[in-house]
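Participant: Structure incoming, see below.
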Amino acid sequence: MAMKVYGNGMSVCVARVLLCLHEKETEFELVPVDLFACHHKLPSFLSMNPFGQVPVLQDDDLTLFESRAITAYIAEKHKDKGTDLTRHADAKEAAIVKLWSEVESHHFNPAISAVIHQLIVVPLQGKTPDAAIVEENLEKLGKVLDVYEEKLGKTKYLAGDSYTLADLHHVPYTYYFMKTCHAGLVNDRPKVKAWWEDLCSRPAFLKVSPGLTVAPATN
Amino acid sequence: MVVKLYGLVTAACPQRVLLCFLEKEIEFEIVHVDLDTLEQKKPEHLLRQPFGQVPAIEDGDFKLFESRAIARYYATKYSNQGTNLLGKSLEHRAIVDQWADVETHYFNVLAFPIVLNLVIKPRLGEECDAVLVEELKAKLGVVLDIYENRLASNRFLAGDEFTMADLTHMPAMGYLMRTDVNQMVKARVNMNRWWEELTARPAWKKLMKMAGFEA
């Protein structure tokens with residue numbers, strides 16, 4: 001039976017999982033969850049993810065939430081096909097992949113998600129973005145991208161010379177960020193820009209990006 | 001040759017790695033990084049950790065940072081000795097990863113600023129943001145209710161056995177329990193039971209002794 005992913009293609013965290021499934025050439029079924037009708041807060045959904053968020057993966061008896069735990073599971077289960085997303089054959093290389101995945105979780109994600117929340121989600125709720133929050137987090141994001149600029153001067157991808165989960169996890173939020181008026185943060189850093197353009201050229205990206213349909217409010 | 005940990009035994013993120021070393025019975029050496037003089041922001045340390053934080057490790061030629069990546073590497077490298085921290089099957093490992101990620105994205109995002117305001121700022125003579133702390137505690141209560149429910153039917157977060165999912169919470173929990181947040185844990189029967197089991201572990205007791213926190 002094909003894996004089921006509960007969620008919608010426009011969700012950043014769902015897209016993270018979809019990218020992984022395509023990179024691993026794994027069949028799946030996408031089961032939409034109506035977030036506007038708050039179906040993710042119904043008991044039937046909370047029994048799968050008590051935090052009431054998408055995505056959730058179902059693979060036979062296993063129910064899994066947290067998008068990065070899901071990508072790690074898919075990458076390990078299907079390690080012998082598709083893109084090698086974890087460098088599983090070498091413990092030290094695998095640790096470097098994990099290191100840059102942790103950097104995405106702890107340094108990149110908090111800053112970029114705060115910006116996207118203000119510029120895309122808040123207007124959808126009929127409110128005005130908080131400029132101070134945007135400013136503060138753009139500054140933090142800039143410092144993270146400075147570290148990336150230096151790293152990508154030494155290796156083609158974050159964890160070395162091949163594409164891994166460490167790069168993949170960045171894609172959905174960066175895609176939305178590049179639609180805002182702050183894309184210069186990426187475009188003004190030549191190595192980061194080249195890395196981003198490479199990530200966007202991948203076949204898996206071209207399959208998933210059409211689903212990333214939310215747009216920032218124009219101002 | 002013994003792995004070198006750059007950091008200090010009283011800081012939460014180095015403690016995560018030290019707990020892993022102690023659970024896995026791995027020998028190590030701590031190379032002190034003086035946070036009070038901002039040694040972690042100086043050029044020599046930035047070469048090890050470009051974000052200017054602790055810990056970082058050097059194991060011969062191999063270098064790594066990010067405490068959760070370091071702990072994962074050693075738990076994998078020494079999978080045949082000490083406590084099994086990573087789970088026994090692909091599916092179990094996924095559940096361990098899931099609850100370890102919950103620590104990052106739901107627990108730590110609240111615990112860290114609470115500890116910063118209630119423990120670290122007073123030590124540095126800075127003012128605590130009391131309004132922020134109350135907001136964070138309200139959000140933490142919602143998260144702890146989910147943990148309470150999980151621990152009602154599971155001895156540990158990923159099932160019957162202690163794993164990385166539990167270990168990764170311990171440093172921040174240790175600091176939270178030194179503040180009035182301990183009332184929030186004690187008021188929840190299963191969380192209280194879980195924390196008492198975690199802190200009864202020999203590795204935790206050794207760590208607390210090393211940190212000078214326990215008699």
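Participant: Filter region B:3-61 down to the residues that are under 21 Å from A:Glu104 (Cα atoms), basic (Lys, Arg) and without any contact (Cβ under 8 Å) to a residue 40 or more places away in the chain and list them by number.
Facilitator: B:Lys41
Participant: Being within 26 Å of A:Leu18 (Cβ to Cβ), more than 16 Å from the chain's Cα centre (by Cα) and more than 14 Å from chain B (Cβ to nearest Cβ) narrows it down to one residue among A:Lys179, A:Lys193, A:Lys127; which is it?
Facilitator: Values: A:Lys179 fails: more than 16 Å from the chain's Cα centre (by Cα); A:Lys127 fails: within 26 Å of A:Leu18 (Cβ to Cβ).
Answer to the selection: A:Lys193.
Participant: State the number of residues belonging to region B:182-212 that are without any contact (Cβ under 8 Å) to a residue 12 or more places away in the chain and among the hydrophobic types (A, V, I, L, M, F, W, C).
Facilitator: 2
Participant: Further question: Name the residue that is nearest to the other protein chains (Cβ to nearest Cβ), counting only residues in region A:70-80 that are open to solvent by less than 60 Å² (accessible area, probe 1.4 Å) and more than 15 Å from B:Ala69 (Cα to Cα). Walk me through it before giving the result.
Facilitator: In the first step, residues of region A:70-80 are kept if they are open to solvent by less than 60 Å² (accessible area, probe 1.4 Å); the result is A:70-75, A:78.
The next check asks that each one be more than 15 Å from B:Ala69 (Cα to Cα); those that pass are A:70-71, A:73-75, A:78.
Numbers: A:Ile70: 8, A:Thr71: 10, A:Tyr73: 4, A:Ile74: 9, A:Ala75: 11, A:His78: 11 Å.
Among them, the one singled out is A:Tyr73.
Participant: Then there's this: For region B:36-48, name all the residues that are more than 10 Å from every other protein chain (Cβ to nearest Cβ) and more than 21 Å from the chain's Cα centre (by Cα). Before the answer, list the steps.
Facilitator: Pass one, region B:36-48, residues more than 10 Å from every other protein chain (Cβ to nearest Cβ): B:36-45, B:47-48.
Of everything in region B:36-48, those that are more than 10 Å from every other protein chain (Cβ to nearest Cβ) and more than 21 Å from the chain's Cα centre (by Cα) turn out to be B:Thr37, B:Leu38, B:Glu39, B:Lys41, B:Lys42, B:Pro43, B:Glu44, B:His45, B:Leu47.
Participant: Can you name the residue in region A:81-115 that is over 17 Å from B:Ala69 (Cα atoms) and open to solvent by 10 Å² or more (accessible area, probe 1.4 Å) and, of all such residues, is farthest from the other protein chains (Cβ to nearest Cβ)? It would help to see each step written out before you state the result.
Facilitator: Going residue by residue through region A:81-115, those that are over 17 Å from B:Ala69 (Cα atoms) are A:81-84, A:110-115.
This time we only want the ones that are open to solvent by 10 Å² or more (accessible area, probe 1.4 Å), so: A:81-84, A:110, A:113-114.
Working: A:Lys81: 15, A:Gly82: 17, A:Thr83: 19, A:Asp84: 17, A:Pro110: 7, A:Ser113: 10, A:Ala114: 11 Å.
Once the filter is applied, the top-ranked residue is A:Thr83.
Participant: What is the residue count in region B:21-34 for residues that are charged (D, E, K, R) and part of a loop (DSSP other than H, G, I, E, B)?
Facilitator: Start the filter on region B:21-34 by keeping residues that are charged (D, E, K, R), which leaves B:23-25, B:27, B:29, B:34.
Pick out the ones that are also part of a loop (DSSP other than H, G, I, E, B) and you get B:24-25, B:27, B:34.
Of the residues in region B:21-34, 4 are charged (D, E, K, R) and part of a loop (DSSP other than H, G, I, E, B).
Participant: I would also like to ask the following. Working carefully through the options A:Thr155, A:Thr213, A:Thr180, find the one that is over 28 Å from B:Pro50 (Cα atoms) and not in a helix (DSSP H, G or I).
Facilitator: Details: A:Thr155 fails: over 28 Å from B:Pro50 (Cα atoms); A:Thr180 fails: over 28 Å from B:Pro50 (Cα atoms).
After ruling out the rest, the residue left standing is A:Thr213.
Participant: Go through B:Asn117, B:Asn149, B:Asn192, B:Asn154 for me and flag whichever is surrounded by fewer than 19 Cβ atoms within 10 Å (Cβ to Cβ) and either farther than 30 Å from A:Cys13 by Cα or assigned by the TED database to the domain that holds B:Gln15 (or both).
Facilitator: Values: B:Asn117 fails: surrounded by fewer than 19 Cβ atoms within 10 Å (Cβ to Cβ); B:Asn149 fails: either farther than 30 Å from A:Cys13 by Cα or assigned by the TED database to the domain that holds B:Gln15 (or both); B:Asn154 fails: either farther than 30 Å from A:Cys13 by Cα or assigned by the TED database to the domain that holds B:Gln15 (or both).
Testing whether each residue is surrounded by fewer than 19 Cβ atoms within 10 Å (Cβ to Cβ) and either farther than 30 Å from A:Cys13 by Cα or assigned by the TED database to the domain that holds B:Gln15 (or both) leaves just B:Asn192.
Participant: Something else about it: Could you go through region A:158-173 and let me know if any residue there is more than 16 Å from A:Phe205 (Cβ to Cβ), open to solvent by 10 Å² or more (accessible area, probe 1.4 Å) and of a type in the set (Ser, Thr, Tyr).
Facilitator: The answer is no, given that none of the residues of region A:158-173 is more than 16 Å from A:Phe205 (Cβ to Cβ), open to solvent by 10 Å² or more (accessible area, probe 1.4 Å) and of a type in the set (Ser, Thr, Tyr).
Participant: Filter region B:71-111 for residues that are within 13 Å of A:Ala95 (Cβ to Cβ) and either within 8 Å of chain A (Cβ to nearest Cβ) or at pLDDT below 95 (or both) and give the result.
Facilitator: B:Arg72, B:Tyr73, B:Thr76, B:Lys77 - these are the residues of region B:71-111 that are within 13 Å of A:Ala95 (Cβ to Cβ) and either within 8 Å of chain A (Cβ to nearest Cβ) or at pLDDT below 95 (or both).
Participant: For region A:54-91, what are the residues that are on the phi > 0 side of the Ramachandran plot and within 21 Å of the chain's Cα centre (by Cα)?
Facilitator: A:Glu66, A:Gly82, A:Arg87
Participant: Identify all residues within region A:129-141 that are touching a helix residue (DSSP H, G or I) at 6+ places or on another chain (Cβ under 7 Å) and either within 10 Å of A:Ile112 (Cα to Cα) or surrounded by fewer than 16 Cβ atoms within 10 Å (Cβ to Cβ) (or both); write none if there are none.
Facilitator: Of all residues in region A:129-141, those touching a helix residue (DSSP H, G or I) at 6+ places or on another chain (Cβ under 7 Å) come to A:129-130, A:133-134, A:137-138, A:140-141.
Matches in region A:129-141: A:Asp130, A:Ile133, A:Val134, A:Asn137, A:Leu138, A:Lys140, A:Leu141.
Participant: Report, by residue number, each residue of region A:195-204 that is part of a helix (DSSP H, G or I) and exposed (fewer than 12 other Cβ atoms within 10 Å of the Cβ).
Facilitator: Pass one, region A:195-204, residues part of a helix (DSSP H, G or I): A:195-200, A:203-204.
Matches in region A:195-204: A:Glu197, A:Pro203.
Participant: Another question, then. What is the residue count in region B:49-70 for residues that are within 12 Å of chain A (Cβ to nearest Cβ), over 15 Å from B:Gln15 (Cβ atoms) and not aromatic (Phe, Trp, Tyr)?
Facilitator: 9
Participant: Right, next: Being crowded, with 16+ Cβ neighbours inside 10 Å and in contact with a Leu (Cβ under 6 Å, 6 or more places away or on another chain) is true for just one of B:Ile26, B:Ile57. Which residue is that?
Facilitator: B:Ile57
Participant: Taking the condition modelled with pLDDT under 95 and over 30 Å from B:Val54 (Cβ atoms), does A:Val121 pass? Steps first, please.
Facilitator: Working: modelled with pLDDT under 95: yes; over 30 Å from B:Val54 (Cβ atoms): yes.
It is true that A:Val121 is modelled with pLDDT under 95 and over 30 Å from B:Val54 (Cβ atoms).
The values are calculated or read from the model by the stated rules, or taken from the named source; none is laboratory data. Since the structure is predicted, the reported quantities are computational estimates derived from the model, not experimental observations. Positions of Cβ are backbone-derived with ideal geometry, glycine not excepted, and every protein chain shown enters the neighbour counts. Calculation scope for accessible area: heavy atoms of the full protein, side chains included, ligands and nucleic acids excluded. Shrake-Rupley method; radii C 1.70, N 1.55, O 1.52, S 1.80 Å.
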